[in-house]
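**Student:** To start, I am sharing the structure in question, which I have written as structure tokens.
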Amino acid sequence: MSHSGYPYQQGSNSYSSSYPHQPRPPYPSQATPYPTQGGVFAPSLGFNVGSPMYMPQPYGGSGYPSSTTGGSYSTPYPQPSHYPGNPSPVTASYPQSSYPPQPASTYPQTNQRPSTYPSGPTYPNPHTAYSNSTNQGHAYHQSSRYPPVQEQRYSHSNYPGGHSGHSPQVLKHSPTVVPAHPFDPREDAHVLRKAMKGFGTDEKAIINVLTRRSNAQRLEIAIQFKTLFGKDLIGDLKSELSGNFERAIVALMTPLPQFYAKELHDAISGLGTDETVLIEVLCTLTNAEIWTIREAYQRTYRSNLERDLKGDTSGHFRRLMVSLCNGGRDESMVTNPVAAAADAQALYNAGEKIWGTDESTFNMVLCQRNHEQLRLIFQEYQKITGHDIEKAIKSEFSGDIQNGLLAVIRSIKNQPAFFAKCLNKSMKGLGTNDRDLVRLVVTRCEIDMGDIKREYLINHKESLADAIKGDTSGDYKRCLLALIGES
């Protein structure tokens, strides 16, 4: 979920970059909390392994999609005291029953950030040069198609599992939606009210506001909208909009923990299972993100995600989903060439070398080893067999388990390319899978959409913008283009 940017108790909701070395309490638990530290103000869920992550506080008001009916949540969504990173119970920033006006001092002036945001790098000012300690001199404008790459540097002395004395590792991100600065949620609420008041709807104004604010800022706008006008913003938007445009706008207004939980719930409820959603979500997210989604799922649907996955999947694919849902991958980034060679040999022995396949070996290695170690294992496998491990997966597995294992491998090799492929799949052929298209754009636009656009052009010989233009229309098309920085 957009892990940072969500309103939260300042200084309490963050992961230490060294949390993999701490024993994880049983899930869920209020046992020993994870160590906290300041860190990067990550714009959204999905940051690379090792990024300090600020846990979101799910919105407690009404107006978000219901678990079954698509209406509004009727009960508050309390902030749990046992999110990893919460050393003690905290009070949710969002009110649980009403929306009292917030003090004016919490809203930023020209160069002041709201006190509810975490300490860390300030928002980029669209009218000045974007600059920080690791990225100097890049001008940033909200209308820019390609916002500057955001870098996070970790020296190996504090990077998970790293060693002092080595050069720092740089984690780069390229969001196409960043927090607006300056930001006035009351003014935005007035703009949205005017756009929906009277006859007709100013869809352009709605797009201009909501696609140029972070998920956290949209939630602040919703609070101010209800405070000022006594009406629910989501309800008003749903009454004024329709079709896929409504779907995209409601997704933008939903806190990402709940949005992911709803996507997973819809994928496994009712007749049949949408394995594509399960694979896309569980095969690409970090431990911390999966834990957060599980918590959101439990509180939204009063059901356990792992139990529901077991009940709706079977065979080796079920074992893969359960392993990934556990969120127990090593995230230390420590590599061991000797162990990598041994794992590569074990994979070969369990698959291509024998008649039949020992699926448990593939499940164990691909679900437990850290990403850097797995890249090393893939290289060693290539040395042993003379071909890529993907060829082995395709020859040894079939169906959903093949798709799941390939998703793990491809997302580890090149995650932006993996999501570019998912986007292409949602639009190619007859018809468009709008649910997948909306989910991919909404969840990645605050993380790495710039990289995804580049990979899309390289691998599919067409720009993502052109693909969206060819498969969508009207306000829905304009909304998606704005979110990928092509408005």
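**Student:** Take the residues in segment 431-466 that are among the hydrophobic types (A, V, I, L, M, F, W, C) and outside any helix (DSSP H, G or I), then tell me which one is nearest to the chain's Cα centre (by Cα).
**Tutor:** ILE447
**Student:** Among the residues of segment 277-298, count how many are of a type in the set (Asp, Glu) and closer than 17 Å to ALA267 by Cα.
**Tutor:** 1
**Student:** What are the pairs, 6+ residues apart or on separate chains, where a residue within segment 213-229 that is closer than 9 Å to PRO185 by Cβ and touching a residue at least 12 places away in the same chain (Cβ under 8 Å) has its Cβ under 8 Å from a residue that is open to solvent by 10 Å² or more (accessible area, probe 1.4 Å) and of a type in the set (Lys, Arg)?
**Tutor:** Here the result reads ILE221/ARG213; GLN224/ARG186; PHE225/ARG193; PHE225/LYS231, each pair linking segment 213-229 to a residue that is open to solvent by 10 Å² or more (accessible area, probe 1.4 Å) and of a type in the set (Lys, Arg).
**Student:** I would also like to ask the following. Out of the residues in segment 230-240 meeting the condition of being part of a loop (DSSP other than H, G, I, E, B) and out of contact with any Ser or Thr (no Cβ under 7 Å at 6 or more places or on another chain), tell me which one is surrounded by the most Cβ atoms within 10 Å (Cβ to Cβ).
**Tutor:** So the first thing to find is which residues in segment 230-240 are part of a loop (DSSP other than H, G, I, E, B), and the list is 230-232.
Narrowing the set further to residues that are out of contact with any Ser or Thr (no Cβ under 7 Å at 6 or more places or on another chain) leaves 230-231.
Values: GLY230: 8, LYS231: 14.
Only one residue fits best here, namely LYS231.
**Student:** For segment 334-356, which positions are open to solvent by less than 30 Å² (accessible area, probe 1.4 Å) and at pLDDT below 95?
**Tutor:** Taking segment 334-356 as the starting set, the residues that turn out to be open to solvent by less than 30 Å² (accessible area, probe 1.4 Å) are 340, 343-344, 347, 350-351.
Those that are open to solvent by less than 30 Å² (accessible area, probe 1.4 Å) and at pLDDT below 95: ALA350, GLY351.
**Student:** From the list THR227, THR211, THR254, which one is hydroxyl-bearing (Ser, Thr, Tyr), in contact with a Leu (Cβ under 7 Å, 6 or more places away or on another chain) and either within 19 Å of ARG435 (Cα to Cα) or surrounded by fewer than 23 Cβ atoms within 10 Å (Cβ to Cβ) (or both)?
**Tutor:** Of the residues listed, the single one that is hydroxyl-bearing (Ser, Thr, Tyr), in contact with a Leu (Cβ under 7 Å, 6 or more places away or on another chain) and either within 19 Å of ARG435 (Cα to Cα) or surrounded by fewer than 23 Cβ atoms within 10 Å (Cβ to Cβ) (or both) is THR211.
This table checks each residue for (1) closer than 23 Å to TYR456 by Cβ; (2) acidic (Asp, Glu).
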| site | (1), (2) |
| --- | --- |
| GLU380 | no, yes |
| ALA392 | no, no |
| GLY399 | no, no |
| LEU406 | yes, no |
| ASN414 | yes, no |
| GLY431 | yes, no |
| ASP436 | yes, yes |
| LEU440 | yes, no |
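**Student:** In addition: Of the conditions (1) under 21 Å from MET321 (Cα atoms); (2) surrounded by fewer than 22 Cβ atoms within 10 Å (Cβ to Cβ), GLN382 fails just one. Which one is it?
**Tutor:** For GLN382, the exception is condition (1).
**Student:** Check ALA482, ALA467, ALA392, ALA417 and return the single one that is touching a residue at least 60 places away in the same chain (Cβ under 8 Å), surrounded by fewer than 23 Cβ atoms within 10 Å (Cβ to Cβ) and more than 17 Å from LEU278 (Cα to Cα).
**Tutor:** One residue alone meets the criteria, ALA482.
**Student:** Scan the helices (runs of 4 or more DSSP H) fully inside segment 270-389 and keep the ones with 2 or more residues being touching a Gly at 6+ places or on another chain (Cβ under 9 Å) and of a type outside the set (Asp, Glu).
**Tutor:** 275-282, 287-301, 315-325, 359-368
**Student:** Going by what's in this entry, would MET333 be described as touching a strand residue (DSSP E or B) at 6+ places or on another chain (Cβ under 9 Å) and not polar (S, T, N, Q)?
**Tutor:** Yes: the conditions hold for MET333.
The values are calculated or read from the model by the stated rules, or taken from the named source; none is laboratory data. The structure presented is a predicted model; accordingly, all values stated were derived computationally and were not measured. Backbone-built Cβ (ideal geometry, glycine too); neighbour counts: all protein chains shown. Please note that ligands, DNA and RNA were not included when accessible areas were found on the heavy atoms of the full protein model with its side chains. Shrake-Rupley method; radii C 1.70, N 1.55, O 1.52, S 1.80 Å.
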